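Asker: So that we are looking at the same thing, I have put the structure below in structure tokens.
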Amino acid sequence: MRKKVALHNLGCKVNAYETDAMQELLKEAGYEIVPFQPGADIYLINTCTVTNIADRKSRQMLHKAKKMNPDAIVVAAGCYAQTDTGKLNQDEAVDLILGNNQKKNIVEALKDYEKEHVKKTRIIKINQTKEYEELEIHSTAEHVRAYIKVQDGCNQFCTYCIIPYARGRVRSRRTEHILKEVRELAEKGYKEIVLTGIHLSSYGMDFKGEEDLLSLIQEVHKVEGIRRIRLGSLEPGIITEKFVQGISALEKVCPHFHLSLQSGCDRTLERMNRRYRSAEYAKKCALIRMYYENPALTTDVIVGFPMETEEDFRESYQFVEGIRFYETHIFKYSRRQGTKAAAMDGQIPEKIKGERSEQLLLLNEKRSREYEEALIGKKLDILLEEKLLVNGKEYFVGHSREYVKAAVETGTGYQVNDIVSVRADGFLDAHLLHGTPVLD
């Protein structure tokens, strides 16, 4: 009888991609993939370590798995497994520990464990490897959009971030391998590709000039069947005239750019060890807007970083307000053991973090609505992703090239995975536009 495996993913899109890839490897090896609930023979949790809360959630899921079946093999894979191996070695709920750059060996690791049923640990010194771990997917749960991991590792060492210690140095995937995967997904009907990585902007820097992110995008653009290319989070440093001019010439590249900020205050940026200052960041946004008429710019902001005064926060708030982002993802600073920021003086009380977060959340709501309202009356291309009931009526719902959510009435001859040109004529719900199909 085939062994049943249940997988659970925690964390980022890169983790999700790797979980999908491990699932495919297990399926190919003859394992049966089942939901993450009681009854599985093996539970695989792809862990996250970005914050102390992520560590705790990882431990909780591992313990939940063992409770669902005390006789099951529980596998801890990924970032938390990499950074806190000692604690997991002492944890009786965990049978097999699989660090980063070891996920491709999941089938072999399980077979090895089942020979003796003795706790096994597969961890390498991640900071010393130059090997990119080759994994690939042939389908995703989304069915219309596929996230493709093209890069791993980070060399930035921001003072609040543990990821360079969990993921190691920058390692890029060869373009030929990426293109093979993209072509296979295109043949299966996927129309949108999202290029993602731990530090996407560093793609190719380990290739010494042979390939870079722009050349990769240009090659992916040539793949027949792919109608859209979306980019994961970018750093301001990659936004040069050459880069923006290059991608703006590619019609498949979506005008949706997530440009990481973290703070609009230069004093805070310096304490974070970010490699730019606010004036430079503003110039990068202006450069994108010079080549794109109405791009959706989104970002991340951390509030309550150590020693952030009220003046610092006000400066950051006013900067964010002035850039006019479509969406701002706001995070209250979370003290992460093992990082420089965790040992800094001037840790901010949670109450103050909450108040600052609330102010930015209100600004984000206002700016998001403004951006969406400005699209009313304009033509949008919507990739239909799913059927949903909205106010008791059935619609196809998907996203525009700007990644704005919109709905089209069913019964119009369209189906999921179609790209439909619509005229946005109002809102069906908060942040959900209604579109009426128009002829191209």
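The values are calculated or read from the model by the stated rules, or taken from the named source; none is laboratory data. The structure presented is a predicted model; accordingly, all values stated were derived computationally and were not measured. So basically every Cβ, Gly included, is an ideal-geometry build from the backbone, and we count neighbours across all protein chains shown. Surface accessibility is based on the protein's heavy atoms, side chains included, excluding ligands, DNA and RNA. Shrake-Rupley method; radii C 1.70, N 1.55, O 1.52, S 1.80 Å.
Asker: Among the residues of segment 24-51, what is the count of those that are more than 25 Å from the chain's Cα centre (by Cα) and either within 25 Å of GLY338 (Cβ to Cβ) or part of a helix (DSSP H, G or I) (or both)?
Answerer: Matching residues across segment 24-51 total 1.
Asker: Return yes when ASP91 is open to solvent by less than 50 Å² (accessible area, probe 1.4 Å) and over 18 Å from LYS57 (Cα atoms) and no when it is not.
Answerer: no
Asker: Hey, another quick one. Can we say SER316 is part of a helix (DSSP H, G or I) and either open to solvent by less than 20 Å² (accessible area, probe 1.4 Å) or closer than 23 Å to ILE162 by Cβ (or both)?
Answerer: Criteria met by SER316.
Asker: Name the residues in segment 378-410 that are of a type in the set (A, V, I, L, M) and at pLDDT 95 or above, would you? Working first, answer last.
Answerer: First pass over segment 378-410, keeping only residues of a type in the set (A, V, I, L, M): 380, 382-384, 388-390, 397, 404, 406-408.
Answer for segment 378-410, where residues must be of a type in the set (A, V, I, L, M) and at pLDDT 95 or above: LEU380, ILE382, LEU383, LEU384, VAL397, VAL404, ALA406, ALA407, VAL408.
Asker: Give me a count of the residues in segment 27-60 that are surrounded by fewer than 20 Cβ atoms within 10 Å (Cβ to Cβ), at pLDDT 95 or above and among the hydrophobic types (A, V, I, L, M, F, W, C).
Answerer: Qualifying residue count, segment 27-60: 4.
Asker: May I pose another question? Which residues, taken from segment 386-416, are hydrophobic (A, V, I, L, M, F, W, C) and assigned to a loop (DSSP other than H, G, I, E, B)?
Answerer: Keep residues of segment 386-416 that are hydrophobic (A, V, I, L, M, F, W, C), which gives 388-390, 396-397, 404, 406-408, 416.
Within segment 386-416, VAL404, VAL416 meet the criteria.
Asker: Of the residues that sit in segment 267-292 and are free of Cβ contacts under 8 Å to residues at least 24 places away in the same chain, open to solvent by 20 Å² or more (accessible area, probe 1.4 Å) and not basic (Lys, Arg), which one is farthest from SER368 (Cα to Cα)?
Answerer: Looking at the filtered set, the residue picked out is GLU270.
Asker: Could you tell me how many of the residues in segment 138-182 are touching a Leu at 6+ places or on another chain (Cβ under 9 Å) and free of Cβ contacts under 8 Å to residues at least 24 places away in the same chain?
Answerer: So the count comes out to 0.
Asker: I need the full set of residues from segment 29-65 which are among the charged types (D, E, K, R) and either in contact (Cβ under 8 Å) with a residue 12 or more places away in the chain or within 20 Å of ALA146 (Cα to Cα) (or both), in order please.
Answerer: The answer is GLU32, ASP41, ASP55, LYS57, ARG59.
Asker: Would you point out the residue of segment 1-23, among those that are touching a helix residue (DSSP H, G or I) at 6+ places or on another chain (Cβ under 8 Å) and in a loop (DSSP other than H, G, I, E, B), that is surrounded by the fewest Cβ atoms within 10 Å (Cβ to Cβ)?
Answerer: GLY11
Asker: Collect the residues in segment 96-122 that are open to solvent by less than 20 Å² (accessible area, probe 1.4 Å) and over 23 Å from the mean Cα position of the chain (by Cα), keeping them in residue-number order.
Answerer: Once the filter is applied, which keeps residues that are open to solvent by less than 20 Å² (accessible area, probe 1.4 Å) and over 23 Å from the mean Cα position of the chain (by Cα), segment 96-122 yields LEU96, ILE97, ALA109, LEU110, TYR113.
Asker: Let me ask you something else. Run down VAL404, VAL390, VAL438, VAL420 and say which single residue is open to solvent by less than 10 Å² (accessible area, probe 1.4 Å) and free of Cβ contacts under 8 Å to residues at least 60 places away in the same chain.
Answerer: VAL420
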